[in-house]
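J.: This is the structure I want to talk about, given as structure tokens.
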Amino acid sequence: MKDTTYTKSMTYIGAGAGVVLFAIFGLLPGSFLGGVMGLNLAGSLLGTPVASGIAARLIVAASMVLGVMVAGIMFITAASTLGWLIGTVVDALRARAQEAAEAKHRA
């Protein structure tokens, strides 16, 4: 059975790094971009200039939440994938070195 110790651990490390990067670099821009999309959507549905009614506020709030969620998904998925890739390479190199050591031991 193939040993995937580093693959699993690096995936988790990548996910943790993605959460931290999202909290630092993605939370505020995701909220801003979602809010702008919400304002554009509310303006096209309810007419511009957007009044401060409850429907417009709900549309903008839902768009802001959606923008934050999409930013979070992007950061966490990208960092987890990068961690998985690094772990897979490390596991492959480790397995190759172990096979070489076993072949040398047999000879």
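The values are calculated or read from the model by the stated rules, or taken from the named source; none is laboratory data. Source: prediction; values computed, not measured. So basically every Cβ, Gly included, is an ideal-geometry build from the backbone, and we count neighbours across all protein chains shown. What goes into the accessible areas is simple: the full protein's heavy atoms, side chains included, and nothing from ligands, DNA or RNA. Shrake-Rupley method; radii C 1.70, N 1.55, O 1.52, S 1.80 Å.
J.: For the structure I just gave you, tell me whether ALA23 is assigned to a helix (DSSP H, G or I) and open to solvent by less than 80 Å² (accessible area, probe 1.4 Å). Quick ask: steps written out before the conclusion?
T.: Numbers: assigned to a helix (DSSP H, G or I): yes; open to solvent by less than 80 Å² (accessible area, probe 1.4 Å): yes.
Considered against the rule, which asks whether it is assigned to a helix (DSSP H, G or I) and open to solvent by less than 80 Å² (accessible area, probe 1.4 Å), ALA23 comes out as yes.
J.: Identify, please: which residue in the range 36-53 is at pLDDT below 95 and of a type in the set (Val, Ile, Thr) and is, among those, farthest from VAL19 (Cα to Cα)?
T.: THR48
J.: Inside the range 26-56, can you point out the residues that are open to solvent by less than 60 Å² (accessible area, probe 1.4 Å), assigned to a helix (DSSP H, G or I) and without any contact (Cβ under 8 Å) to a residue 12 or more places away in the chain?
T.: Of everything in the range 26-56, just one residue is open to solvent by less than 60 Å² (accessible area, probe 1.4 Å), assigned to a helix (DSSP H, G or I) and without any contact (Cβ under 8 Å) to a residue 12 or more places away in the chain, namely GLY43.
J.: Under the condition of being of a type in the set (D, E, K, R) and in contact with a helix residue (DSSP H, G or I) (Cβ under 8 Å, 6 or more places away or on another chain), which residue from the range 57-107 is surrounded by the most Cβ atoms within 10 Å (Cβ to Cβ)?
T.: Taking the candidates together, the pick is ASP91.
J.: Any residue at all in the range 85-103 that's outside any helix (DSSP H, G or I) and not aromatic (Phe, Trp, Tyr)?
T.: No, the range 85-103 contains no residue that is outside any helix (DSSP H, G or I) and not aromatic (Phe, Trp, Tyr).
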